[in-house]
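Since the structure comes first, as structure tokens, the remarks are kept for the end.
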Amino acid sequence: MTENIELINETQKILKVLSNSTRLNILLLLEHNSLSVNELVQKLKVSQPAISKQLNILKKFQIVTFKQQGTTNFYKLDDLHILTVIKSTMDHAQHILNNQKCDNN
Ligand SMILES: [Zn+2]
């Protein structure tokens, strides 16, 4: 049975958003902490405009949000679904790297 076309299209867009190492690193850093753009720049050694560009894409898809404290915006995960997708995919990637079969089937 074919899933709803609109839903599949939106899912495809979100998976494309996740298919970028800078965005994945941002999301993993935000798992436990809210971070400012400057903190992300320092941790990832990526330019401020590049971090801002990726955060805007993540915001557009409601994957991150931010709260303002004084003059600084602190970014955080908006949706834990996405972290689950990343963690599951990383588990699978580790299976491949270890030449293991997944034990969940
Ligand atoms: Zn696996």
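Checking each residue in segment 16-32 for being touching a residue at least 24 places away in the same chain (Cβ under 8 Å) and either within 16 Å of Asp79 (Cα to Cα) or among the aromatic types (Phe, Trp, Tyr) (or both) picks out Val17, Leu18, Arg23, Leu24, Ile26, Leu27, Leu28, Leu30, Glu31. Selection of segment 50-105 for residues being surrounded by 10 or more Cβ atoms within 10 Å (Cβ to Cβ), farther than 21 Å from His32 by Cα and either within 12 Å of the chain's Cα centre (by Cα) or more than 16 Å from the ligand (Cβ to nearest atom) (or both) yields Ala50, Lys53, Lys60.
Laboratory data are not the source of any read-out in this text; all were calculated from the coordinates shown. Only a predicted model underlies this, so the values are computations on that prediction, with no experimental measurement involved. Using ideal geometry, Cβ is built from the backbone for each residue, glycine included, and neighbour counts are taken over all protein chains shown.
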